[in-house]
Amino acid sequence: MINIKMIENMVKHRLDKEPSGHDYQHALRVLNNATIISKDLEVDFDVIKIACLVHDLIDDKLEPQYKLSKKELNILLKESNCEQDTIDKVFYIIENMSYRKHQTLDSLEGKLTQDADRLDALGAIGIARTFSFGGAHKRKMLDDQENELTSVGHFYDKLFKLKDLMNTENALKEAEVRTKFMVEYIEELKRETGINKFRE
Ligand code: ADP
Ligand code: NI
């Protein structure tokens, strides 16, 4: 039996205080999203579960004190009784799922994990994470300069594009709900600030 509790505790230990939106709670939300969108689909859910929990752990965007090397993660997964085949499938997913890589994953488990992660960048939680990330990276919140790198600009640079990149029907439906909420949020932000354009 895979010791999921041990994997959860390890992620909690590493990422509990991660300040840029990749904390333990993010991993749990991604797992929760994946559980919902995988319902009724035939998948290896152990692979999805582990991939969701560890997906940000080996990413270079993490500061060194939060990050694990691939070797360390491999050892930890082995110690949690994962078979090498499961570990290989998890590594394939977490090494290729990021937005920056512009990759479509081959496995259904990968597609669902990627969708689940992207959903957490959308909606009310996505708005919160965007401003948290912006703060952690000392970005401005917003500006009426249409080409400046700001947190509100990030909605246009990435977040509004995510809906059309969803791999699965179930994720697309949820992405539409969350994107609609963000569009309304931006409309209200324009009304309150008197800025009528945040991006070209
Ligand atoms: P993940 O792979 O977990 O989605 P990212 O590093 O892509 O992680 O993003 C983490 C969070 O920070 C997401 O909510 C994302 O939209 C937000 N974010 C990423 N880049 C920026 C940016 N340049 N400005 C503001 N928010 C950002
Ligand atoms: Ni993530």
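General observations
- Rounded to 10°, Cα long-axis angle of helix 108-119 versus longest principal axis of the chain: 40 degrees
- Relative to the longest principal axis of the Cα atoms of the chain, the long axis of helix 24-37 lies at roughly 80 degrees.
- Full extension of the chain between Phe45 and Gln25 yields a length gain of 5.2 nm, computed as 0.36 nm times the residue separation minus the alpha carbon distance.
- Normalised contact order of the stretch 1-115, rounded percent, pairs of Cα under 8 Å and 6 or more residues apart: 31 percent
- The chain - mean residue ellipticity at 222 nm from DSSP helices (-39,500 (n - 2.57) per run, n ≥ 4, rounded to 500): -18000 deg cm²/dmol
- Computed 3J(HN,Hα) for the stretch 182-196, one whole-Hz value per residue from the Karplus formula 6.51 cos²θ - 1.76 cosθ + 1.60 where θ = phi - 60°, is 5, 5, 5, 4, 5, 4, 5, 5, 5, 4, 5, 8, x, 8, 9, glycine and proline marked x.
- For Lys140, residues with placed amide H under 5 Å, excluding near neighbours: Ser151
- 3J(HN,Hα) along the stretch 68-78, derived from phi through the Karplus expression 6.51 cos²θ - 1.76 cosθ + 1.60 where θ = phi - 60°, amounts to 10, 7, 4, 4, 4, 5, 4, 4, 4, 5, 4 Hz, with x in place of Gly and Pro.
- Leading residue at positive end of dipole, the chain (Cβ point charges), from Ala121, Asn3, Leu76: Ala121
- Ordered by the number of other Cβ atoms lying within 10 Å of each residue's own Cβ, fewest first, Tyr99, Tyr92 fall into the sequence Tyr99, Tyr92.
- Each distinct pair of alpha carbons in the chain adds a 1/r term; the inverse of their mean, the Kirkwood radius, is 17.6 Å.
- Exposure proxy ranking for Val43, Val30, based on other Cβ atoms within 10 angstrom of each Cβ and starting from the fewest, stands as Val43, Val30.
- Where only C-alpha atoms are counted, convex hull volume of the stretch 1-63 per residue in Å³: 86 Å³
- Alpha-carbon centroid distance for the pair the stretch 12-37 / the stretch 61-77, whole angstrom: 15 Å
- Estimated from the Cβ-Cβ distance and a Förster radius of 22 angstrom, the FRET efficiency linking Asn32 and Tyr99 is about 0.65.
- Length-normalised contact order for the stretch 66-200 - Cα pairs under 8 Å, 6+ apart - percent: 21 percent
- Rounded, prolate or oblate (a/c below 1.5 giving rounded, otherwise prolate when a/b exceeds b/c) for the stretch 35-139 by Cα gyration tensor: oblate
Every read-out reported here was derived from the displayed coordinates using simple, explicitly stated rules and does not represent laboratory data. This is a predicted model, so every value here is computed, not measured. All Cβ positions, even for glycine, are placed from backbone atoms using ideal geometry, and neighbour counts span all protein chains on display.
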